[in-house]
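Some notes on the structure that comes next.
The values are calculated or read from the model by the stated rules, or taken from the named source; none is laboratory data. On a predicted model such as this, the values are computed, not experimentally measured, just so you know. Ideal geometry is used to build each Cβ from the backbone, glycine not excepted, and the neighbour counts take in all protein chains shown.
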C-alpha cells in the first residue's frame, strides 16, 4: 500500500479527471484567486513602500533627524557643542540653525519659515546644496543679506536671482512713531527644489548671522543645533541623550514630530490596503471550502470504502487537507512569483500602459512624483505568503472534518 495513504489519495483526487467538471472549474478559480490576491497584495504594498521611501527621502532631505534648542531660544558656544556632539558614534554630523516664521514680500507676498544656517555645516546635515536649481549655499555670506528660496516660494513671490524681497519678522522695534515690525531687504541668490510641497513653498534659507540680526538676537548666537544620525528611528532617544550631556535645559524634537503625521497617514493607508486586498485571498479560500464540500459529497462512496478497509478518521481528514492545501500552495507560489516580477518591473509596466492607452498616470504639472516607485521587501513577501498558506489550510478543516464523519453504512446503502 502507498504510504502515506492520505498524501497519495489527496494527490490522486487533485489530478484525476472528474465527471463533475464544475468542481474542477472551482478548483482552478480558487487557485487563480489566491494567485491574483497574493500578486496584487505584494505589488500594491511594494508600491506604497516605494512612495513612503520616496516621500521620506524628499522630506528628510530638508529637515534634520533631530533638533536641540535651549529653552531660552539662544545658544552662544555652539561651535564647541557641535564638536562635542559629533564625537558620538551614533551622530553623523551636527549644524547650527535659527528658524522662525516670517512674512515675505516682493511682487507677491506669503508666509514662510526662514532658516539661518552656516553653509559650511549645513551641507552635512541636509541635502539643500544637492537640490539647488540655481546658485549655491556658498553664496550666503554674513552681512550681505542673501537668501535662498524654495522653487515654489520663489514662484509665489514672482522673483528670480538678484531680485530683492522684504522679510518681515514678528519682532517689534521702537521708533518715534511707535512699535514697528522688524524688516529687512534681502537679495535672492539661489533656489532649490525637493519635489515636496512644504519644503518648496514654505522654506527660505539665509546665513545664521543675518537671521540673528533680523530677529534681534545677540551677535554670534544661534537658535539650536540640528543632528544627522546613523539610525533615524532612534532620533528621539539619541537627541534626548545628547541634551542630557549638555549643560542647561534644552527642548528636543525629532523628525517624527516635524512630519510624523504624514508618515503615520501613509502607514495607516498601507494597513487599510492590506486588509482590503486580503479579502481577495479570503474569497478564494471560501471557494476552496465550497469546492471541497462538493468533492466530499461526490466521493461519499470512496470515503466509505476506505473506512471499511480500515482507514481512520484522521486519515480521511488528511486526504482532503492535502487536496485543499495543495491548491493554496500552488496559488501562493504563482502569486509570489507574479508579485515579485510585477513589483520589480512596475517602472517599465506603467510607461507601457500609458503609451498603450494614451494617458499619463502622474502628470508632472500636478504631481511631484512622476514615476511609480517600488520597494520590494522580503519580510512583506514572507508575511503575505504565510497568510495565504494559512488561509488555504484553514479552509480545508471543515470539509475534511465533515468527510471524516461519513458513516460507511449510510454512504453505501444504495450502491
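From the set of residues in region 243-261 that are surrounded by fewer than 16 Cβ atoms within 10 Å (Cβ to Cβ) and assigned to a helix (DSSP H, G or I), which is farthest from the chain's Cα centre (by Cα)?
Taking the candidates together, the pick is 245.
Among (1) surrounded by fewer than 18 Cβ atoms within 10 Å (Cβ to Cβ); (2) on the phi < 0 side of the Ramachandran plot, there is one condition residue 73 misses while meeting the rest; what is its number?
(2)
Restricting attention to helices (runs of 4 or more DSSP H) lying wholly within region 313-398, give those where 3 or more residues are modelled with pLDDT under 90 and under 25 Å from residue 282 (Cβ atoms).
Passing ranges, in order: 313-344, 378-394.
Determine whether residue 14 is part of a helix (DSSP H, G or I), surrounded by fewer than 23 Cβ atoms within 10 Å (Cβ to Cβ) and at pLDDT below 85.
yes
Scan region 212-221 and tell me whether some residue there is within 19 Å of residue 122 (Cα to Cα) and surrounded by fewer than 15 Cβ atoms within 10 Å (Cβ to Cβ).
Yes.
Scan 234, 240 and give me the residue that is without any contact (Cβ under 8 Å) to a residue 24 or more places away in the chain, under 30 Å from the mean Cα position of the chain (by Cα) and either in a strand (DSSP E or B) or more than 20 Å from residue 110 (Cβ to Cβ) (or both).
240
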